[in-house]
Each structure stands twice: as structure tokens, then as C-alpha cells.
Amino acid sequence: MAERPTLPKPQDWDHVMMRMAFVIASMSKDPTTRVGAVLVSPDRTRISVGYNGFPRQVPDVVDWWHNRDSDGAEFSKYDLVRHAEMNAITQAKTDLAGWTLYVTHHPCMECAKNIVAEGIARVFYARDIRSITMPIDHRKISRLFEISGVGFEQLAIDASDRAIDPLQGIQ
Ligand SMILES: [Zn+2]
């Protein structure tokens, strides 16, 4: 008697969503750091995405994107960029209580506060950030999530995912 055919084993949901965050990151116009975020509803039927970028009403002026120094210039990119997490939150336009956030990079304190305030239940990030221009206080951010009851953990992308990783080689 022939063996009954089996279905392919489904990929782990969290890893799939994190890979999606990296795909979304590839849409960022930031010449150095592309960050992607995916928000998923508790029943996994609704998704909102975001990447780091200027507000949609602001033109992507090349000089602004490449300017890291506010002094003397009209704008630096830091004056104008909204982080991926914030753009995913804005894009959702709904109550985010209990939702899960997947983000390619460790959130900053400002985003962490907003994540908490939105009632988001869990946060997964793939990469750490070591930045001079945007210092990250890992201890405070972890503690903020802890006292707020928000799950927070690293979900590193394994080697097989690098093929879709637009950030490879860029730091
Ligand atoms: Zn942030």
C-alpha cells in the first residue's frame, strides 16, 4: 500500500514575519540603515507594515537623505526620518492592543515608549544597533518593556534567510 503523501512542514510563523520585516526594510530610501517593521494582530488576520522614512508628504530630497549633520543645512535625515515602528503604528489606524511587532533592528527608547503606549503585547527584533548618532540604552529599553508587561526578545535571522536580507553588508 502506497504511503500517504505528507504536506510540507509549515515554516515557523515568527520567522516568516521577521523575514517579511526584512523585505519591507528594502523599501527604505535611507542610504545607510534600512529598517523594517511588521505588526500582526492577535488572530493573525491583519498586518501593518512600515519602514524608516520621511513622512509621506515630505519629498525624498537626496541631499537631505545624505546629510547627517543638521548644522548649516536645511535638513538632515535625522530631522525628517520617522522610524519603521512608528510608521507601522500610524499605518495600522486601529487599536493595537495585543498585537505583535517584528522589527529588523533593536527599537530605540522613543519607539519603545510608543510601543508600550499602544498596548502592543510582544516585540521581536533581529539585529542589535550600535550607533553613535542614535545611542541605544539596551538596559533601560529592556526594563521598560519588562515593567510594562511587553514580551521582548531577539529573533535572529539564520543564514538561510540571508538571500532576502537587504541589509547584508550595510551597517
Ligand atoms: Zn525608534
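Couple of notes before you dig in:
- Here the helices (runs of 4 or more DSSP H) wholly within segment 60-111 that include at least 1 residues being at pLDDT below 95, of a type outside the set (A, V, I, L, M, F, W, C) and away from the ligand (no atom under 16 Å from the Cβ) are 62-66.
- Some residue of segment 24-47 being more than 14 Å from the ligand (Cβ to nearest atom), over 21 Å from His138 (Cβ atoms) and part of a helix (DSSP H, G or I): yes
- Whichever residue in segment 112-138 is part of a loop (DSSP other than H, G, I, E, B) and within 13 Å of the ligand (Cβ to nearest atom) and, among such residues, is nearest to the chain's Cα centre (by Cα): Ile129
- Within segment 1-27, residues that are at pLDDT 85 or above and among the hydroxyl-bearing types (Ser, Thr, Tyr) have Cβ atoms under 8 Å from residues that are surrounded by 10 or more Cβ atoms within 10 Å (Cβ to Cβ) and in a loop (DSSP other than H, G, I, E, B) in these pairs: Ser26/Arg34; Ser26/Pro166, counting only partners at least 6 apart in sequence or on another chain.
- Some residue of segment 159-167 being in a loop (DSSP other than H, G, I, E, B), of a type outside the set (Lys, Arg), away from the ligand (no atom under 15 Å from the Cβ) and at pLDDT 95 or above: no
- Residue within segment 139-146 that is at pLDDT 95 or above, within 14 Å of Thr33 (Cβ to Cβ) and touching a strand residue (DSSP E or B) at 6+ places or on another chain (Cβ under 7 Å) present: no
The values are calculated or read from the model by the stated rules, or taken from the named source; none is laboratory data. These numbers come from a predicted model, not from an experiment. Note: ideal-geometry Cβ built from the backbone for every residue, glycine included; neighbour counts use all protein chains shown.
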